[in-house]
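These notes are about the structure you will find just below.
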Amino acid sequence: MNAPGPVIANPVRPAFDKASREDTVIVSIGPSHPATHGTIQIFAELDGERILRADVHCGYLHRGFEKECEDHTWHNLIPYVDRLNYCSPLINDFAYCEAVEKMMGIGITRRAVILRTLLSEYSRLCDHITCIAASLMELGAMTAFLYLVMIRDYMYEHIADLTGARVTHSYGRIGGLARDLPEGWLARLEEILVQSDDFLGRAHGLVDRNRIFIDRMRDVGVISQSDALSYGYTGPILRSTGLPVDLRKDTPYLAYAELDFEVPVGIKGDNYDRYYVRMCEIDESIHMIRQCVDLLEPGPINVDDRRCVFPEKTRVYGEIESLINHFKIVMEGPRVPAGEVYSAHEGPNGELGFYLVSTGEGTPWKVHCRAPSFVHVGGTHLMLEGGQLADLVPTFGMINMIGGECDR
């Protein structure tokens, strides 16, 4: 007889094999809990209402973004990029397109640079407002939630007028943008910014000095600066600890070197600091958008490079060369020179980077996204342990985990 083989432990097991004490209990929160925003599951060991230990699992959306990109041309995978952080898809588009442009040695036009900068900050506004509104709703502050969601809806409709889509815009293009601004778009933009000052002021008045809000947020979900750095945190969470790290200042890209703006920071690294940093960044983004409008000048929005930019439709219909050019870009994709590149933008939640590898073909060999939400989930337990079970909801809300970019 053959000797029995080794016993293989079941790879699917609870986060904790057993409770650390006889008087504690292990509970599973999510993945269907409305406050866990998607597929997140949190195993928590509770001593009464206090969380002693927490283990956070991001779960699976089963979309396979990175692998799926290997079967599509460099252009055709842009809609997949939109669906990473679907609260600020324009920043995803522009960060990815810039990475490809670096590999191809392309410098986009002046008008495209300013428009990408303007729309990145507009997208940041939508993301921050969504995060704060959802967190306020989960705390029961419905009036402030409705004020913020109302102005965010104006922004969504306005962006849809430009891109043709409400959420997944697919507006970025390698070498520029899908289309130019429609008539009257900038005038409507200023109207919305004026309205947003009013609605944001109402939200500030309702919650900034509200005793219930302060008690639920201050000294809750604290993370130290050293822990934040150790876990690779970036964006508002890192800045809430007092460290002014921002790629727009530290390694300027697009038109950020020409803009006047501050980098807000917190003090304690708690939920209130994260709320404060995001609200201040909203004000800074509005200020930057208005500066971009002043810098905007007439001109082309795409480079004159037939390797990646589609010819005008009138030429496609009238010239065989342009028709062939259009056909080859669609069917075979732009031929990106062999090599690798990493390019990062300052997303609303932190460093959003794309690592691309090309073998010189019309499809990528490798696409990897350095998604801030995925990194932040790794250290979420530090902000939960030691707090109350009820603190889990506002803490998780102010981390602003986006499930789309957590999927692996």
Per-q log10 I(q)/I(0), the range 132-189, q = 0.18, 0.26, 0.28 Å⁻¹ (Debye; single scatterer per alpha-carbon; no solvent): -0.71, -0.99, -1.06
Rounded tilt (10° steps) of 110-138 against the dominant C-alpha axis of the chain: 20
Other-chain or far-sequence residues with amide H under 5 Å of Lys366's (modelled H): Val357
Inter-site label distance for Leu186 and Gln388 at 7 Å from Cα along Cβ, in nm: 5.1
For the range 294-372, the spread of Cα positions along each principal axis, largest first, Å: 46, 41, 16
Diffusion constant of the range 185-243 at 37 °C, which comes from Stokes-Einstein with the Kirkwood Cα-pair radius and 0.692 mPa s, µm²/s: 229
Label-reachable residues, the range 365-408, where backbone N falls under 16 Å from a point 7 Å from Val27's Cα toward its Cβ: 384-396
The chain: relative contact order as a whole-number percent, Cα under 8 Å and 6+ apart: 25
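Tell me, what is the Rg over Rh of the chain, with Rh the Kirkwood radius over Cα pairs? Could the numbers behind the result be given before it?
Numbers: Rg = 23.1 Å, Rh = 22.8 Å.
For the chain, the value is 1.02.
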Candidates Gly107, Gly184, Gly362, ranked by Gaussian network fluctuation over the chain, Cα under 10 Å, top entry: Gly184
Spin-label pair Ala35/Trp365, simplified geometry with 7 Å Cα→Cβ offset, distance in nm: 4.7
Fluctuation leader among Thr24, Thr73, Thr130 - the chain, Gaussian network, Cα springs under 10 angstrom: Thr24
Spin-label pair Arg209/Ile320, simplified geometry with 7 Å Cα→Cβ offset, distance in nm: 7.7
Total lysine pairs under 21 Å (Cα atoms) in the range 65-406, excluding pairs fewer than 8 apart on one chain: 4
For the chain, built as a Gaussian network whose Cα springs stay under 10 Å, the top-fluctuating residue of Glu183, Glu138, Glu157: Glu183
Contour excess over end-to-end distance, with Cα ends at Glu70 and Val293 and 0.36 nm allotted per residue: 76.5 nm
Rounded tilt (10° steps) of 185-207 against the dominant C-alpha axis of the chain: 10
Rounded to 10°, Cα long-axis angle of helix 271-295 versus longest principal axis of the chain: 10
Local net charge near Ala160, Cβ-Cβ under 11 Å (Lys/Arg +1, Asp/Glu -1): -2
Residue exposure sequence - Thr143, Thr36 - by fewest surrounding Cβ within 10 Å: Thr143, Thr36
Check: the range 57-158 dipole with +1 on Lys, Arg Cβ and -1 on Asp, Glu Cβ, in debye: 260
Cβ-Cβ FRET estimate between Asp260 and Ser224, R0 fixed at 25 Å, reported to 0.05: 0.20
Sorted by Cβ neighbour density within 10 Å, fewest at the top, the residues His287, His75: His287, His75
Cysteines, the chain, no other Cys beta-carbon under 4.7 Å: Cys69, Cys87, Cys97, Cys126, Cys131, Cys280, Cys292, Cys308, Cys369
The range 207-236 residues near the modelled Glu138 label - backbone nitrogen below 18 Å, point 7 Å along Cα→Cβ: 213-223, 236
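No value in this document is a laboratory result; all are computed from the given coordinates. What you see is a predicted model; the values in this text were computed from it and never measured. Quick reminder, even Gly has a Cβ in these numbers, built from the backbone with ideal geometry, and neighbours come from all protein chains shown.
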